[in-house]
Each structure stands twice: as structure tokens, then as C-alpha cells.
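The values are calculated or read from the model by the stated rules, or taken from the named source; none is laboratory data. From a predicted model like this one, the values you see are computed outputs, not experimental measurements. All Cβ positions, glycine included, derive from the backbone under ideal geometry; neighbour counts span all protein chains shown. Keep in mind that these areas ignore ligands, DNA and RNA; they rest on the heavy atoms of the full protein, side chains included. Shrake-Rupley method; radii C 1.70, N 1.55, O 1.52, S 1.80 Å.
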Amino acid sequence: MYWNPFVEKMSEKDLKELQLRKLRQTVEVAYKYSPFYRELYKRENVDPSDIKSLEDLQKLPFVKKQDLRDNYPFGLFTVPLSQIVRLHASSGTTGKPTVTGYTQADLELWTESLARGMFSAGMRSDDVLQVAYGYGLFTGGLGFHYAGEKIGATVVPISSGNTQRQLDLMRDFGSTVIGCTPSYMIYLAEFAEKAGISIQNDTKLRMGFFGAEPWSEETRKRIEDKTGIDAINVFGTSEIGGPVVTECQEKAGIHFWGDIYIIETINPETGEQLREGEKGELVVTVLGKEGMPMIRWRTGDITAIILEKCACGRTHPRIERIVGRSDDMFVVRGVNVFPSQIEYALMLLPEVAEHYQIILERDEAGVDTMAVQVEINPAVKDQYFGQGKVGELEKRVSEHLRNHLNVRPKVEILEPESLPRFEGKAKRVIDKRKL
Ligand code: ADP
Ligand code: ZN
């Protein structure tokens, strides 16, 4: 059993007391041992003695990606390298990768957090976990690896890619749980189908932990319908540890363990703290992280906090599904659009497949244009292609997107398998304005 009701069902009052105690300690240690934090706090005229309540957290400045880049590679570490037992780096989706260093205790904290989440989603020691996240500097592979072992499951460290082998081992070893990006799961299911294998009937797979990139509720439905598995949302960033938090079996938001993390949402423009339920940028403070403290880390990810007690009985706060990063958002003719909104709207239409791409361009007049390319669902291909009806469908999809987004994109319906597939994080937006 990997379930700790004493911690996971702690009363709000006890949890807050614990958080304050750990927060003060965390800030003190950072101030004392990290030149980065000391200089930052001196510059902002704050010091650890200012933290008298949880609200005082707001007195502390944020830490941003740029801080990590400016102090590349080890500038935020508080301990000598002799105490750092592992290094990781972010995927570098938005620029130069950032480096993170872990002490032995940091690795244990990360593993504890993820193992708790995976157990809450229903994973047990008799499960066989196929880790199809990449192993290496990316935190996905090793994060799931150790959390799976912690639960006592049988871990298959296959890493990402080599789809035929993934399917072979899934059947040979009887994998019951998989971890990979949602886009890779879609590809894996498609690959299996083409090989005449049904994930639902020919494998024992029953659950998947999908994250590392935004995905929509409609995509969850598609994965679940296609494969018969439970699709669980998992979140993390390398700076806060790696993949660290997941949904429980209720699939109603991701539990952020309050004894390990303090979460806030802020208005990304003003930095002002938002209330429960208001969408804004997620800011995470990791309590007791030793090697590289993260105090008020701006994740860049847009979500809202849920404080209401979950039906599972766990008292810790949750976050809603992430809409995307604030810098994923683009403005087309004055309207703000997140790629995940396009995905959500597209996946409502049975005529299209899960593979899509968004192309942003700027025309001669300096006006931004958005084109959405999406593959047709192979099951209805002959009704449109060859019948000269693709144009009609394109118009209909474009109208449907306009209703959801308030801006009309150009839509191109493509033949099956014309867009790239991804083994890790999918690249959905091609921004030709930046080329
Ligand atoms: P990089 O920032 O270079 O991609 P990471 O590999 O650490 O670095 O990835 C973390 C980022 O991945 C998060 O900040 C978030 O944008 C995205 N991400 C991770 N899990 C999810 C999820 N479940 N839903 C949406 N986005 C996610
Ligand atoms: Zn729950």
C-alpha cells in the first residue's frame, strides 16, 4: 500500500501550519546558502524574518526561467556538487534548456510525490508499468521509473520510441500501465490498429499516465474510447522536480500535495495573486527542496486552483487541466487563442483524426493569419476524398472553430498520415512569423 491517510487527509488547519513551518525553513536555507536567493531578496528588501504567515509568501519575488538561464548551469544550487547526486535538464521547449540538480533527499521527495499520485489514481504493486517517456536528461523516464518501483510495481524501462517494440513488450510482459505523452499514446494506438492489434482486447493495458504537454478533455475521451484504458493527467516541470503530480481516480483535477508544494495562481501581467477558480499562471514553491530551492517559481502554465475537497477524500488542493503556457497563446486579429482550445474544438468532430497542426503567418499588410491543418478520420475518408467534398468539410470545420474561438481560421483537411507523429512532446504550432 502506498497511501498515507495521515498526510493525505490532513485537515486544512494542520496542513497550513505544516506549510508555514516548512516554508520558513525553506526560505531560511535558501537565503543562507544560495547567493542567488540572497541577492534577489536583498534587492527586493525582504528577508526570511518577514515570513510570519502563509500570506507573507506574497512578499517574496518570483523566480523565472530567465533567472535560471542567467545563472546557467549551477548558479541556483545551494550545496556543493559533491552533494548533488543527479542532474537533469528541461526539454528546452521555449529556449535554452534549464538545469536542475538533486540531492538524495530531493530525489526521494520527487519519488514520494509521484508515487502518491499514481497510487491515488489506482496503480498498485501488481501492476506492470511500461515507461515510454524518454530516459535521459528529460525527467519523464527516470521520474516514472523510481515512482513505479516505490509503489512496488514491475517497471519496464523501455524509454520512448521504437513503437513496434513497445507493442511487442506490452503483450509479452503484460504491461498494465503506461507512461508517455498523450500524443505518443495516440500514435501507439494508431500503430497497433494498423498492425491488427487491439489495445483493448489483445493487451492487458488498463491505465496510462499522460502529460509533459497540453492535451484536452476531448482527447482524453478519444484515448479512452479507442483503447479502453483510464487516461490520467500528470503534470510537472523539471524545475519543480519533474513529473510530480497526477489526478486521482476521480479524474477531477491534479492533486498538488500541500505538504510538499505551495501553489498560487497569479495574473501573469501584474503578478497579483488570484482567487480559487480564477485562471492564471501557476506559481509553485517546493517545500524542503535542498539542491536547488524553488520559491515562487513561475511555471508559465495557465490553470486555476480548486480548493474544494475531492470526492476521493484527499484534502490537498488541486489544479484544473492546464490550458497551455502563457507564451503558447497567440493573438489572431485581436483574439487570444490557445492551441489546446483548437484541439478541444477539433476533437468534438468525429470527421477528423487526432493529428493537427497550427500554422501562424503574417501577411503583407502585417495581419496575423492562422491556418489549421487536420487529418481526416480514416473511417470517413472515402466519403470526402474522391467525392470532391473536402472543401465542404473544410468550410464546416472552419465555421465550427469560429464558433469556439471567435476567430475564423483557414482549415485544411489532409489525407491520413500526412502530418508528423511524435515520440515525446508534440509540436503543434508552426509560427512562421518567427522564422
Ligand atoms: P520545457 O519547459 O523545456 O518543456 P519540461 O520538460 O520541464 O521543460 O516540461 C514542463 C512543461 O511541460 C510544463 O511547464 C508544461 O508547460 C508542460 N506540461 C507538463 N505536463 C503537462 C500537462 N499535464 N498538461 C499541460 N502541460 C504540461
Ligand atoms: Zn482526489
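Which of the residues that make up the stretch 276-330 are within 16 Å of ligand 2 (Cβ to nearest atom), open to solvent by 30 Å² or more (accessible area, probe 1.4 Å), in contact with a helix residue (DSSP H, G or I) (Cβ under 7 Å, 6 or more places away or on another chain) and over 24 Å from Val407 (Cβ atoms)?
Thr315
Given the criterion within 21 Å of Glu55 (Cα to Cα), in a strand (DSSP E or B), of a type in the set (A, V, I, L, M, F, W, C) and within 16 Å of ligand 1 (Cβ to nearest atom), identify the matching residue among Val234, Val284, Val244.
Just one listed residue meets the conditions, Val284.
List pairs: first residue in the stretch 306-322 and over 22 Å from Phe6 (Cβ atoms) and assigned by TED's automatic domain parsing to the domain that holds Trp257, second residue open to solvent by 60 Å² or more (accessible area, probe 1.4 Å) and more than 16 Å from ligand 1 (Cβ to nearest atom) anywhere in the structure, Cβ distance under 9 angstrom, at least six positions apart or on different chains.
Hits for this filter: Ile306/Glu276.
Answer yes or no as to whether Asp14 is under 15 Å from Thr285 (Cβ atoms) and modelled with pLDDT of 95 or more.
In short, no.
Taking the stretch 391-435 as the region of interest, how many residues are of a type in the set (Val, Ile, Thr) and either within 30 Å of Gly141 (Cα to Cα) or open to solvent by 30 Å² or more (accessible area, probe 1.4 Å) (or both)?
Count: 2.
Restricting attention to the stretch 115-125, does a residue exist that is crowded, with 24+ Cβ neighbours inside 10 Å and either of a type in the set (Lys, Arg) or farther than 20 Å from Ile229 by Cα (or both)?
yes
Mind listing just one residue for me: the one in the stretch 262-275 that is assigned to a strand (DSSP E or B) and open to solvent by 10 Å² or more (accessible area, probe 1.4 Å) and, of those, nearest to ligand 2 (Cβ to nearest atom)?
Only one residue tops the list, namely Ile263.
Look at Arg333 and say whether it is open to solvent by 10 Å² or more (accessible area, probe 1.4 Å), basic (Lys, Arg) and over 22 Å from the mean Cα position of the chain (by Cα).
yes
For the stretch 221-259, what are the residues that are more than 16 Å from ligand 2 (Cβ to nearest atom), in contact (Cβ under 8 Å) with a residue 24 or more places away in the chain and over 20 Å from Gly141 (Cα atoms)?
Within the stretch 221-259, Lys221, Arg222, Ile223, Lys226, Thr227, Gly228, Ile229 meet the criteria.
Does Arg408 meet the test of being of a type in the set (Lys, Arg), without any contact (Cβ under 8 Å) to a residue 40 or more places away in the chain and in contact with an Asp or Glu (Cβ under 8 Å, 6 or more places away or on another chain)?
Here the answer is yes, as Arg408 does meet what is asked.
How many of the residues making up the stretch 247-264 are away from ligand 1 (no atom under 14 Å from the Cβ) and over 30 Å from Ile84 (Cβ atoms)?
Residues flagged as away from ligand 1 (no atom under 14 Å from the Cβ) and over 30 Å from Ile84 (Cβ atoms) within the stretch 247-264 amount to 4.
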